[in-house]
Amino acid sequence: MSTASFALRDSATMLRRNLRRMLRYPSMTLMLVGMPVVFLLLFVYVFGGTLGAGLGGGVGGRAEYANYLTPAILLMTVTAVVQGTAISVAMDLTEGIIARFRTMAIARVSVLTGHVLGSLIQAVIGLVIVTGVALLVGFRPTAGLTEWLAAAGVLLALAFALIWLSVALGQISKSVETASNLPMPLILLPFLGSGFVPTDSMPGAIRWFAEYQPFTPVIEALRGLLLGGPSAAEVGTNTAIALAWCAVIALAGYLWSKRLFNRESN
Amino acid sequence: MPTTTPQPAITATGLRKSFGDKVVLDRVDLHVPPGSIFALLGPNGAGKTTTVKILTTLIRADAGTARIAGHDLATDPNGVRAAIGVTGQFSAVDNLLTGAENLLLMADLHHLGRTEARQRVAHLLERFDLVEAGRKPASTYSGGMRRRLDLAMTLVGSPRVIFLDEPTTGLDPRSRRDMWQIVRELVAEGVTIFLTTQYLEEADQLADRIAVLDHGRLVAEGTADELKRRMPGGHVRLKFTDQRALDSAVHVLGRQASRDSDALTLRVPGDGSLRSLKPLIDRLDQGRVEVAELTVHTPDLDDVFLALTGTPDTPATRTPKHEKAAIR
C-alpha cells in the first residue's frame, strides 16, 4: 500500500477511536451541543422581545429576532464543538497513549486527522440539532435547496478551519483546564460582531472591530443565504469573504498543529 | 546472505543529550545482543527514561548514533518504529476504551487483517489473563492489569526489540513477579528486551547484562556477577540485646567495626568465610560479649549500586552519605 492509503487507513482507525471515546463520554458532547441551545432559548425568550424591537425592521419583536439570531447560534455551535476538540486533544496528550502512537510506524498525521474528522461529525450532529430547535422556536428561513447547501458548506468550512485551530490550541495547552479556556475568545467573538445585534448600534472602535473580524462575514453570509440578503451580489461577496477567512484559518491551524505535533515531547 | 554473527539488537555510540545547560546523557555507549535482556539501572534522574526516549525515536539525541534492529535511528526512524515496541513508565492505554478495544486499535494500526487481528487480540487477552476484563473500560483496571494490558498492546505488532521503561514501578510484589515471568517468556521466544529499572533485584533477576547509569554517564557494565565481584563489600552484622553489650563489643573489636547505637548493631567488614568468622567469634567469646544475632552479608547489587552512584564529582567512590557504603 502507498503512503497515502496508509494515512487514510490510519486516519479511519483514529476516527473510530475518537467516535468510540465520544460515545463513552457523552456528557461532553451533550454539554457542547447544549450550550448553544441554552443561548438560543435565552436570547429568543428572555432578550428576544426587546432586542427584536430594536432591529428596526418591519415586523420587529421576538419572531424577527429568532431569525436574526439563528446564524449566530449556528456559529456558536461550531465554536462550542471546537472547544471540545481542544479539550480532547489536550486529554490525549496528558495520557500516555500519544507517546505510544509516536513510537509506532503509523502515519503520524492520522492522530490529528482522527480528531478533526471526529469533531467534524460532532459539529454536523450539533448543527442539525440546533437548527431543529431554532425551527421550533420560530426560525423561518426562506432558503431553497441551493442556499441550504451553500450555508451548510460555509458552516462546514468554518468548522473545519476552527477545528484545526483548536487542535493546535489543545496541543499548546499544558493541561486540560487550559485547553478548555483557550478557545474562549472564539465563543465571545460572535458577540463582538453582527451575531446578536447589528454593528451599527456599537460605538466607534468596537464597531470597527465588529465589522472586520472574521465571524461577521460568516454570520452575514449565513444570514443572506438562509433568510435572503439585501442583494444576491452582497450575499455572494460575504460568502466569498467568509470562505477566504476559513481557508486562511484552516491552513494556519493545520500548519501550526502539524508543527506542534512533530516537535519533540520532553 | 549467510551471517556469521547475529547483528546486535541495539548499538549506540556516544549518545549525548542536554536540556538547556543540564547535561542529561553524556557519551553513552550501548551494545545489546539479540535475544537477551539488558537492564539499564540507575537512580531517579539518572537519564534512563531519556535514553529510552531517544532509542524509541521520541526525542533526538544531540550527538551520537544508534542502530536498532539494523535500522539507523537518525535516517530511518520509521524502520526503527516498525521493529520496536515500547511500554513506558506511564501506562499508554486508552482509558475510555475496553481492554479488547485497545488491543484491536493496535491491531488496526499495525494493518492486520480482520481475522488475524481478532485471533491476535483473543490470544493476548488469554495470555495476559485479561479475558474477563477485556470487556471493561481500561479506566476500571488495577495497576497490575493496566500494566499487563499496556504490554499486551506492545506485543500486538510482534516487535523484535521491546523497551520496558520501569515496567514494575508501583506494582505490588505479586504483579511484579508476574511481569518478570512474562519478560522471561518473551526472551525465550527470541525477543530482545531493553529494560530500565531502579530496582536492583529486578536487574539481578532478569538481566543478562546490566549497565549502571548515574548522572547521565555509564559508570559500570557487566553481568550481575561481574558487578558484584567488583565489590569487596561483604560484612558480618552483629546484633546485641542492650547498649552495654554493644559497648563491650566495640571495646573488643576496636575501630574496624562500625556501630549503629539505635539498632544495637555492629558491622564488621569481612568476606563471611569460616576462616574470618572464627577469630571474630573467638575474640567476642574472650571478651565475654553476649551476641544476640550474627548474620553474614555477601555483597549484593545494593552495595554495587550505592557505591557506583555516589556524589556527582566522585561517582565511583564510596561516600559516607550511605550508611551501608560507609564501612570499609
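Some points to look at:
- Residue in the range A:26-48 that is within 27 Å of B:Pro159 (Cα to Cα), within 12 Å of chain B (Cβ to nearest Cβ) and in contact with a helix residue (DSSP H, G or I) (Cβ under 7 Å, 6 or more places away or on another chain) present: no
- Among residues of the range A:209-237 that are touching a residue at least 24 places away in the same chain (Cβ under 8 Å), those with a beta-carbon under 6 Å from a residue that is hydroxyl-bearing (Ser, Thr, Tyr) and not in a helix (DSSP H, G or I) at least six positions away or on a different chain give the pairs A:Ile219/A:Ser194; A:Leu227/A:Thr142; A:Gly228/A:Thr142.
- Residue that is nearest to B:Leu151 (Cα to Cα) [pool: residues in the range B:104-124 that are more than 9 Å from chain A (Cβ to nearest Cβ) and either surrounded by 21 or more Cβ atoms within 10 Å (Cβ to Cβ) or of a type in the set (Val, Ile, Thr) (or both)]: B:Leu124
- Just one of the listed residues (A:Thr50, A:Thr3) is more than 30 Å from B:Ala107 (Cβ to Cβ), exposed (fewer than 12 other Cβ atoms within 10 Å of the Cβ) and among the polar types (S, T, N, Q), and it is A:Thr50.
- Filtering the range B:84-103 to residues that are within 11 Å of chain A (Cβ to nearest Cβ), among the hydrophobic types (A, V, I, L, M, F, W, C) and crowded, with 18+ Cβ neighbours inside 10 Å leaves B:Ile84, B:Val86, B:Ala92, B:Val93, B:Leu96, B:Leu97.
- In this entry, A:Thr85 is excluded by the filter for residues that are under 13 Å from A:Val130 (Cβ atoms), among the hydroxyl-bearing types (Ser, Thr, Tyr) and under 21 Å from the mean Cα position of the chain (by Cα).
- Count of the range B:1-56 residues which are more than 20 Å from B:Arg81 (Cα to Cα), part of a loop (DSSP other than H, G, I, E, B) and within 15 Å of the chain's Cα centre (by Cα): 6
- Number of the exception - A:Leu93 against (1) among the aliphatic types (A, V, I, L, M); (2) more than 14 Å from every other protein chain (Cβ to nearest Cβ); (3) open to solvent by 20 Å² or more (accessible area, probe 1.4 Å): (2)
- Residue check: B:Arg259 meets all listed conditions (1) free of Cβ contacts under 8 Å to residues at least 40 places away in the same chain; (2) open to solvent by 40 Å² or more (accessible area, probe 1.4 Å); (3) part of a helix (DSSP H, G or I) but one, namely (3).
- Cβ-Cβ contacts under 6 Å between residues 6 or more apart (or on different chains), taken from a first residue in the range A:91-107 that is closer than 19 Å to B:Arg147 by Cβ to a second residue that is assigned to a loop (DSSP other than H, G, I, E, B) and of a type in the set (Ser, Thr, Tyr), are listed as A:Gly96/B:Ser91; A:Thr103/B:Thr56.
- Residue in the range A:60-73 that is farther than 27 Å from A:Ala7 by Cβ, free of Cβ contacts under 8 Å to residues at least 12 places away in the same chain, over 17 Å from the mean Cα position of the chain (by Cα) and more than 13 Å from chain B (Cβ to nearest Cβ) present: yes
- Matching residues in the range A:225-266 - criterion: being surrounded by fewer than 12 Cβ atoms within 10 Å (Cβ to Cβ), part of a helix (DSSP H, G or I) and within 14 Å of chain B (Cβ to nearest Cβ): A:Asn262
- Within the range B:38-58, if we keep just the residues that are among the β-branched types (Val, Ile, Thr) and open to solvent by less than 10 Å² (accessible area, probe 1.4 Å), the residue that is farthest from the other protein chains (Cβ to nearest Cβ) turns out to be B:Thr51.
- Residues in the range B:277-296 that are without any contact (Cβ under 8 Å) to a residue 24 or more places away in the chain and either under 14 Å from B:Arg237 (Cβ atoms) or open to solvent by 70 Å² or more (accessible area, probe 1.4 Å) (or both): B:Lys278, B:Ile281, B:Asp285.
- Pick from the range A:105-114, criterion within 9 Å of another protein chain (Cβ to nearest Cβ) and surrounded by 22 or more Cβ atoms within 10 Å (Cβ to Cβ), ranking: nearest to B:Arg160 (Cα to Cα): A:Ile106
The values are calculated or read from the model by the stated rules, or taken from the named source; none is laboratory data. Fair warning: this is a prediction, and the values are worked out from it, not measured in the lab. Ideal geometry is used to build each Cβ from the backbone, glycine not excepted, and the neighbour counts take in all protein chains shown. Just so you know, the surface numbers come from the protein's heavy atoms only, side chains and all, with ligands and any DNA or RNA stripped out. Shrake-Rupley method; radii C 1.70, N 1.55, O 1.52, S 1.80 Å.
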